[in-house]
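The values are calculated or read from the model by the stated rules, or taken from the named source; none is laboratory data. Since the model is a prediction, treat every value here as computed from it, not as a measurement. Because the Cβ atoms are built from the backbone with ideal geometry, glycine has one as well, and the counts that use them run over all protein chains shown.
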Amino acid sequence: MSEERVDYPFSTFLDQHSGQLNASAVPPELWHSLYKKLADQTFDAGDRFQIICEMNEDDEKTLFVRALEDMHNNDEENIFLIDHFVSFSSESARKCVETTEGLAEKLASLFGIDTDSLCEGDDTTEKIETSIEKEEQEHARRLSDSDVTPGLPRHESIDARLSSYSVDDPKSELTEKVMKSLWKYAQTYSISYQLENGEIEKKHVWYVMDDFGSRVRHSAEPNVRIVPLMFLPQNCAYSIMFLTKPVKTDEEITMDWAANVITAQNPQWRKYIENPWAPMDFSKESMVPGAPTMEYFTSGRNPDFLAEGKEQQTAQSAIFTSLPILKKRKIKVYADDTQLTEHLKTHQIEYVDDWKKADVIWMIKHFHDYNQLSTENPCGMVNQFPFESCITVKDLLAACAMRDPVKNDWYQLTYNLNTQLPEFVSRFQNREKNGQHNVWIVKPWNLARGMEMTVTQDLNQIIRMVETGPKVRRVWVLGYCSFITKNCENSKIVCEYIPRPLLFPRPDNGNKVKFDLRYIVFLNGISPVTAYVYNRFWIRFAINEFQLSNFDDLETHFTVFNYLDKEKVLQMKCEQFIKTIEKTYPKIQWDNVQKDINSTIRKAIEAAAKEEAPRGVAPNIQSRAMYGVDIMLQHSPENDDVIKSTLLEINFMPDTTRACQYYPDFADTVFDTLFLDDIDPTKVTPI
């Protein structure tokens, strides 16, 4: 027994890794052999397999793996370690390739891309084919080589104007070839770990396996499985390969690269998900998805209990009667968050610990029993609407918006990758054939502030993004990593990227940049829609000069940096912003733009309330709500001087820190408008 295994017994290995191994369906009879190979760092794939390089008539190289001997899947020794060559996040992939010395050339070699530098032979392949000793030396070198680390850092963004390139630049051509191939070879997993404040942080990691793993080709009928494993003693991820059926000498070794929960749940989708490895033409198939089911609106969400009609009438009368009294005394507030209420100045409040005794229920947590509210506190008002997830959750808002996409002029064309992948693939390929705008932004349904969003015109990348949904199957392990799992559930939508946004000249760096606008909207009723927009708004600016390329550059294509690098955040009040826009674009009158914005917000609310709950927001006489609405402006396709507003998303209980800092009476305006029926036209405008 090696010294390493004496210090690290098998029982400890099981305590730390059995959860991962069970979740990945690694046969238990292989666990002890895996333990030995991990503890001893034994990389012996080169003893049992060989990488073959074949050239076709067009001198195109094909690389694959074959077995050197007969092997049986029940043999406990037939489990093999595969190193990870490089790891990255989806948004940093290109930056890593561009800025890490030699990485593009190394990846080109792994992907079998022909370059002049590879004509002399592939030295790394020889190591795997011929010598276990050389393979272990290579692994040891990688662990100690700071240029190739398990996790590449996010590199500093380069100004988009400086990172443009000529198509004749060999380095750029190589980068493009690598990026085009990357999503055929990259694999992914999620890790979750506990922060100092006790919250669980989750991170999606993409990685490329080493020379051996990257050359195992795809097959829908594979003979091996390859799964990631976090080895806790090293805090390092490996892939492990094991046979799923017996193999013969010289038989090709294949894995199912498209194996995930999506293909398991929707086997009829396999041909679409296999597109990165087995491309097909789907452009003639339907691009129009069917209507979302009832389950789509209710699955995974806590139900709301609506008040009956009689109770609604009683509550309406009670609120009307109590309102004059409420204006003359302290307002009793039940709150689970005081970010806004602690800034009230003209209104005196009294906090109560029972919502049944409150005049105003101000909650971040989901309130769901509106029937109980109407019977036990008919005078009370709550800052939520029943089934308002149809407004505040991206995939449900998109479903409401796409009910009539032809008439929809306020929301970009959107598909849900979980339910509408075939229609999206058809749309993408159809646009590609017709030379139409084909850049898309992939968004998780439940994250804000631009988190885990990807802008791309690569269909393969979008298809692979279904593997990185926020919902994952969690497996408990110990140490640095709380969880590691193969990503398995998609929860993402894909929206048409706005190609011609209105740009703003940043005074600090001179760049003409993208921006979006954050409006605060007060919703007092659904049937009919009674809503007001706060007359002041907030602007969030990108950093780099906008161009419809370099989609991986966060500082060109995204605007939210408050939570990243605060030094680059440009703060500007809306009054100065309007003056600059009208000066930069003399034909634009902001009053007209604002009217269009107000109309867009109202259309969004009406669309979300058009159908009965749970397919839409339900009316409730005791409900009020404050939302943060994000708007982007774009040039009309017909006329450059006509500016159209587009809704990006609607957020429940937005952060009001800046609003209260900039405008000391903001909190009072919120309470006046929502709960006291005191509408001040100098502060809010009906929409």
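Of note:
- When the helices (runs of 4 or more DSSP H) confined to segment 557-674 are screened for residues that are touching a strand residue (DSSP E or B) at 6+ places or on another chain (Cβ under 7 Å), under 16 Å from Val529 (Cβ atoms) and at pLDDT 95 or above, those reaching at least 3 such residues are found at 590-608.
- A single entry from Thr254, Thr314, Thr298 fulfils the requirement of being in contact (Cβ under 8 Å) with a residue 12 or more places away in the chain, touching a Pro at 6+ places or on another chain (Cβ under 6 Å) and over 27 Å from Ala608 (Cβ atoms): Thr254.
- Selected residue (only one of Lys310, Lys332, Lys345 is assigned to a strand (DSSP E or B) and basic (Lys, Arg)): Lys332
- The single condition among (1) basic (Lys, Arg); (2) in contact with a strand residue (DSSP E or B) (Cβ under 8 Å, 6 or more places away or on another chain); (3) surrounded by 15 or more Cβ atoms within 10 Å (Cβ to Cβ); (4) modelled with pLDDT of 95 or more that Arg431 does not meet is (2).
- Residue ID - surrounded by the fewest Cβ atoms within 10 Å (Cβ to Cβ), chosen from residues in segment 53-79 that are over 37 Å from the mean Cα position of the chain (by Cα) and of a type in the set (A, V, I, L, M): Met55
- Asn275 meets the conditions (1) outside any loop (DSSP other than H, G, I, E, B); (2) within 28 Å of Pro422 (Cβ to Cβ) in every case but one. The failed one is (1).
- Taken over segment 647-661, the criterion of being closer than 18 Å to Thr392 by Cβ and out of contact with any Cys (no Cβ under 9 Å at 6 or more places or on another chain) is satisfied by Leu647, Glu649, Ile650, Asn651, Phe652, Met653, Pro654, Asp655, Thr656.
- Any hit, segment 230-242, residues being under 28 Å from the mean Cα position of the chain (by Cα) and assigned to a loop (DSSP other than H, G, I, E, B): yes
- Test: Ile539 is over 20 Å from the mean Cα position of the chain (by Cα), surrounded by fewer than 21 Cβ atoms within 10 Å (Cβ to Cβ) and at pLDDT 95 or above: yes
- Selection over segment 305-331 of residues that are under 41 Å from the mean Cα position of the chain (by Cα), over 12 Å from Ile621 (Cβ atoms) and exposed (fewer than 15 other Cβ atoms within 10 Å of the Cβ) gives a count of 1.
Conditions (1) within 25 Å of Tyr585 (Cβ to Cβ); (2) surrounded by 18 or more Cβ atoms within 10 Å (Cβ to Cβ); (3) not small (Gly, Ala, Ser), marked per residue:
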{"position": "Glu606", "(1), (2), (3)": "no, no, yes"}
{"position": "Ile621", "(1), (2), (3)": "no, yes, yes"}
{"position": "Met632", "(1), (2), (3)": "yes, yes, yes"}
{"position": "Val642", "(1), (2), (3)": "yes, no, yes"}
{"position": "Ile650", "(1), (2), (3)": "no, yes, yes"}
{"position": "Asp668", "(1), (2), (3)": "no, yes, yes"}
{"position": "Leu674", "(1), (2), (3)": "no, yes, yes"}
{"position": "Val684", "(1), (2), (3)": "no, yes, yes"}
{"position": "Ile687", "(1), (2), (3)": "yes, yes, yes"}
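- Selection within segment 262-295 - touching a residue at least 60 places away in the same chain (Cβ under 8 Å), of a type in the set (A, V, I, L, M, F, W, C) and surrounded by fewer than 16 Cβ atoms within 10 Å (Cβ to Cβ): Ala278, Val288, Ala291, Met294
- Residues located in segment 328-365, provided they are closer than 27 Å to Ser389 by Cβ and out of contact with any Phe, Trp or Tyr (no Cβ under 9 Å at 6 or more places or on another chain): Gln339, Lys365
- Residue within segment 363-384 that is under 36 Å from the mean Cα position of the chain (by Cα), part of a strand (DSSP E or B) and farther than 19 Å from Phe305 by Cα present: no
- The set of residues in segment 6-52 being within 32 Å of the chain's Cα centre (by Cα) and not in a helix (DSSP H, G or I) consists of Ser24, Ala25, Val26.
- Test: residue in segment 168-187 that is among the small types (Gly, Ala, Ser), buried (at least 21 other Cβ atoms within 10 Å of the Cβ), within 19 Å of Val466 (Cβ to Cβ) and modelled with pLDDT under 95: no
- Of everything listed in (1) modelled with pLDDT of 95 or more; (2) of a type in the set (Gly, Ala, Ser); (3) farther than 30 Å from Trp206 by Cα; (4) part of a loop (DSSP other than H, G, I, E, B), the single unmet condition for Ser283 is (3).
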